[in-house]
Each structure stands twice: as C-alpha cells, then as structure tokens.
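I have placed the structure first, in the form of structure tokens, so that the comments after it can refer back to it.
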Amino acid sequence: MRNNSKNRTIERNLAQKWRFLIGEFELVKPGKHPQFRFLEDSHRFHGANRQPFYKYCHRFKQDGTDQSLLPRKRGPSGRAGAPSPSSPMAVGKCPGPGSRGIAVNLVGNAGTPPAVSAA
C-alpha cells in the first residue's frame, strides 16, 4: 500500500485555485477583465463563495505565501482558557458559607483576592 501522508496534491490544488481567483479579482476590480464586469459574476461562474474568497485574499495580501491560501487548524489553540501552572493564583476549597465551596488564594505578594460573587 502506498503511503499518502506526504502527498500535498490537495494543498497544491487549493493554493492554485485561490491564486487564480485572486488574479481574476485583480482584473475584475478595475474593470479590465474581458469576460466579467462584476466580481459576483466571476464568483458565480467559478463556483466560489464570497466570504472565504475575501478571507483567503486578505491573508494572501498580508503574507504573500502559498501557506496563507490553505485552511488553518480549527478549534482552540492550546489551552487559552486554563491558567498557566506558573501563575500566582491557585484555586482551593473555601469552607465559608455562601461561597459555594470555591475561593481564589493568591500566592506571594500578588495583591488582594477578588471578591466572591453571590450569583
């Protein structure tokens, strides 16, 4: 069986498609395209949606690389919502009434703890 893990055909075809559509855009925008007068006509003819076209066009104009024409990874990047282990805050149990069992304890001279909400 052939190993297709290094096959970049799909990425190459996507980059080629977006480069072609951006070139068409550069001709339609000033009105120099021989076939299309409006960008909407070009998108309809080539079967491209407006929203992803502008997204990839903007990325390509900023970066100028073929990598900017490829879809990026979706979802959260890393653990953005979780506090880092080196942060001065540590969450612990609070036995006080009305605190719902959660309190924030500050380590060192980090200041005063935030107020516990009643909601």
**Hits in segment 14-34 (condition: in a loop (DSSP other than H, G, I, E, B), open to solvent by less than 100 Å² (accessible area, probe 1.4 Å) and either of a type in the set (A, V, I, L, M, F, W, C) or at negative phi (or both))** = 30, 33
**Asked** Out of the residues in segment 21-49 that are among the polar types (S, T, N, Q) and under 28 Å from the mean Cα position of the chain (by Cα), which is nearest to residue 59 (Cα to Cα)?
**Response** 49
**Message:** Scan segment 25-46 and tell me whether some residue there is at pLDDT 90 or above and touching a His at 6+ places or on another chain (Cβ under 8 Å).
**Reply:** yes
**Message:** So, residue 37, is that one within 18 Å of residue 53 (Cα to Cα) and open to solvent by 100 Å² or more (accessible area, probe 1.4 Å) or not?
**Reply:** yes
**Request:** State all residues of segment 51-75 that are assigned to a loop (DSSP other than H, G, I, E, B) and within 15 Å of residue 10 (Cα to Cα); if no residue qualifies, say none.
**Result:** 70, 71, 72
**Message:** Can you pull out every residue in segment 42-55 that is in contact with a helix residue (DSSP H, G or I) (Cβ under 8 Å, 6 or more places away or on another chain) and either open to solvent by 100 Å² or more (accessible area, probe 1.4 Å) or of a type in the set (D, E, K, R) (or both)?
**Reply:** 49, 50
**Request:** Answer yes or no as to whether residue 11 is in contact with a Ser or Thr (Cβ under 6 Å, 6 or more places away or on another chain) and either surrounded by 12 or more Cβ atoms within 10 Å (Cβ to Cβ) or closer than 21 Å to residue 69 by Cβ (or both).
**Result:** no
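The values are calculated or read from the model by the stated rules, or taken from the named source; none is laboratory data. From a predicted model like this one, the values you see are computed outputs, not experimental measurements. Positions of Cβ are generated from backbone atoms using ideal geometry, with glycine treated the same way; all protein chains shown enter the neighbour counts. With ligands, DNA and RNA removed, areas are computed over all heavy atoms of the protein, side chains included. Shrake-Rupley method; radii C 1.70, N 1.55, O 1.52, S 1.80 Å.
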